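Here it is, the structure in full.
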Amino acid sequence: MKANKKTARIAGLLYLLVGIFGGFAEGYVEPRMFVAGNAAVTAANVVSNAGLVRLGVVADLLDQTLFVFLVLTLYTLLKHIHKSVARAMVVLVALAACIGSLNAVFEFEGLRVATDSGFAAAFGTSSNGVVLLLLEAQHYGLLIAQIFFGLWLAPLGYLAYKSGWFPKALGVTLIVGCICYLVDLLAAFLLPDFGQMIHGYVTIPSAIAEIWMLGYLLIVGVRTEKM
């Protein structure tokens with residue numbers, strides 16, 4: 001159990017780093033740069049915050065890399081519960097990380113178009129529109145990645161529930177969090193206005209589930225006795 005607690009706490013530390021880097025890149029930098037439907041303001045934001053955008057790209061790449069190491073650590077911890085479910089968890093995170101990493105390319109290219117005079121000469125007055133297009137591609141690419149970083153919570157929740165090492169309510173909450181991420185995604189694409197209205201509410205269970213799991217791994221590790 002000491003070895004399991006150590007592995008769980010390593011996973012908790014990785015989860016915390018994923019939250020920090022991801023929160024900075026996707027929760028702070030990206031919303032400050034991208035203004036939907038306004039090419040001039042988006043391009044101006046990128047130009048005036050070029051250093052911040054570069055930090056955001058690096059943070060995004062670190063976030064995706066650490067996400068992979070996180071799921072591999074959790075796989076080591078939980079694979080004995082159900083190996084096929086644990087493997088599915090790894091595959092879902094790998095897909096999310098691949099999409100997230102590729103999305104960073106759009107943000108970086110948006111920066112290059114906005115700040116490199118060679119692109120300005122090539123695109124002329126259309127350069128602001130190209131910057132908006134690239135950052136919009138990143139924005140919606142993140143939503144597509146949400147399919148997989150939502151779905152991975154379902155096998156994680158199942159394994160947490162079955163293991164007896166975590167509160168069963170935590171396992172259930174993780175699965176509910178998965179459903180909420182998917183509802184948020186579908187609403188964003190199918191009913192954009194409605195999606196904006198419910199986004200701040202429907203993702204609350206997802207945030208609770210992930211923060212709870214992170215905190216439990218980091219502070220408790222795993223229960224010393226199954227319950």
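Roughly speaking, what is the stretch gain from N49 to F69, that is 0.36 nm per residue apart minus the C-alpha to C-alpha distance, in nm to one decimal? If you can, show how the numbers build up before the last one.
Values: separation 20, 0.36 × 20 = 7.20 nm, distance 3.04 nm.
Additional length available on full extension: 4.2 nm.
Now, a different point. Work from the charge dipole of the chain (Cβ charges, +1 for Lys and Arg, -1 for Asp and Glu, about the Cα centre) and give the residue of V35, I147, Q196 farthest towards its positive end.
I147
Between A120 and Y28, how high is the FRET efficiency from 1/(1 + (r/R0)^6) when r is the Cβ-Cβ distance and R₀ = 25 Å? Nearest 0.05.
Details: r = 27 Å, r/R0 = 1.09.
Rounded to the nearest 0.05, the efficiency is 0.35.
Given (i) 22; (ii) 33; (iii) 40, which label gives percent of Cα pairs over 29 Å apart as computed from the coordinates?
Recomputing percent of Cα pairs over 29 Å apart here gives the entry labelled (ii).
Which FRET efficiency value, to the nearest 0.05, is calculated for L13 and V105 with the Förster distance at 22 angstrom and r the Cβ-Cβ distance? Don't skip to the end; give the middle numbers.
On the way: r = 28 Å, r/R0 = 1.28.
The value I calculate is 0.20.
Still on this structure: With a 1.4 Å probe and every protein chain kept in, tell me what percent of the accessible surface of the chain is carbon plus sulfur.
With neighbouring chains kept in place, the figure for the chain is 71 percent.
Follow-up. Report, in debye and to the nearest 20, how large the dipole of the chain comes out about its Cα centre when Lys and Arg carry +1 and Asp and Glu carry -1 on their Cβ. Mind showing how you got there, number by number?
Values: 14 positive and 12 negative charges, 281 e Å.
The calculation lands at about 1340 debye.
Continuing with the same structure: Using Cα pairs under 8 angstrom and six or more residues apart, how large is the relative contact order of the stretch 79-227, in percent? Please report the intermediate quantities before stating the final value.
Working: 175 pairs, mean separation 32.8, N = 149.
The value is 22 percent.
Oh, and also: Could you tell me which of rounded, prolate or oblate describes the stretch 31-150, using a ≥ b ≥ c as the square roots of the eigenvalues of the alpha-carbon gyration tensor, with rounded for a/c under 1.5 and, failing that, prolate when a/b is larger than b/c and oblate otherwise? Don't skip to the end; give the middle numbers.
Details: a/c = 3.55, a/b = 2.84, b/c = 1.25.
It comes out prolate by the Cα gyration axes.
Looking only at L132, L14, L190, which one moves most when the chain is put into a Gaussian network model with springs between Cα atoms under 10 Å?
L190
Let me ask something else. May I ask you to give the solvent-accessible area per residue for the chain, in square angstrom, as obtained with a 1.4 angstrom probe? Spell out each step's value before the answer.
Values: 10990 Å² over 227 residues.
Per-residue accessible area for the chain comes out at 48 Å².
Now a separate question. Not counting ligands, DNA or RNA, and with a 1.4 Å probe, what is E26's accessible surface area in Å² rounded to the nearest 10?
Ignoring ligands and nucleic acids, E26 comes out at about 60 Å².
Compute the acute angle (0 to 90°) between the alpha-carbon long axis of helix 168-190 and the principal axis of greatest extent of the alpha-carbon atoms of the chain; round to the nearest 10°.
Compared with the principal axis, the helix lies near 20 degrees.
The values are calculated or read from the model by the stated rules, or taken from the named source; none is laboratory data. Model, not experiment: these values are computed from the prediction. As a convention, Cβ positions derive from the backbone with ideal geometry for all residues, glycine included, and neighbour counts pool all protein chains shown. In case anyone asks, the SASA skips ligands and DNA or RNA and just uses the protein heavy atoms, side chains included. Shrake-Rupley method; radii C 1.70, N 1.55, O 1.52, S 1.80 Å.
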